[in-house]
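Everything on this sheet refers to the single structure shown next.
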Amino acid sequence: MEKFRPTNLYPIIGSVVFQPVTNSLGINDLQVNILDDLGNLQTSRIYQIDVTNNFLSQEFVPIAASYNDMTQEYCVAGVVQTGILCDYSSWVGIFDQNLSLIGFHLLDIQTSTFGPTNLNSCMVTDICPVYDNPNGADFAFTGVLTDGGDNPAPAKSTGGSAAITDKEYS
């Protein structure tokens, strides 16, 4: 859930709610609802996951959302069980100010923290906007690095800090 900012198309004060809904194929899609400040539904959209883009999800769960006033974009992230690169990955959805989809992306990161370089999952737990735009990043993510990409329990790093790549989206 995130505060909704009024636009010309939706001149209301309220909230935007991101939630999973299961379609007829048993795959979770992303439903986006705009509610006014009294909790009344103003509009609702459903975005299908593009299964050709590695979103072979069993669970598509939104966890965090944020809005960037400078770019006028919403960002929502969650966890997807892909079974492609890692058993668990984070996904990120970017929407414009009227909540039209700009794009979905998977976030898998490479790290050598747990020994030889391998792919690990980073489960995003929070998002915040970035206003000074270092390297073009519009949002920053906080999350939990999982052990080997297949264990959702956090793992303790004994080898120092992780060398993380693919950690920002712009």
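Throughout, read-outs are computed from the coordinates displayed, never taken from laboratory work. Just so you know, these numbers come straight off a predicted model, no measurement behind them. Positions of Cβ are generated from backbone atoms using ideal geometry, with glycine treated the same way; all protein chains shown enter the neighbour counts.
So here's what we get for this one:
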quantity: Ascending count of other beta-carbon atoms within 10 Å, so fewest first, for Met70, Met1; calculated: Met70, Met1
quantity: Long-range amide H partners of Trp91 with built H, under 5 Å; calculated: Gly78, Val79, Val80, Leu107
quantity: Which of Ile127, Ile12 has the fewest Cβ neighbours within 10 Å, and the rest in rising order; calculated: Ile12, Ile127
quantity: Per-residue Cβ neighbour rank within 10 angstrom, fewest leading, Val79, Val17; calculated: Val17, Val79
quantity: Asp126 versus Tyr47: modelled label distance in nm, points set 7 Å from Cα along the beta carbon direction; calculated: 2.3
quantity: Residues whose placed amide H lies under 5 Å from that of Thr7, excluding near-sequence neighbours; calculated: Ile12
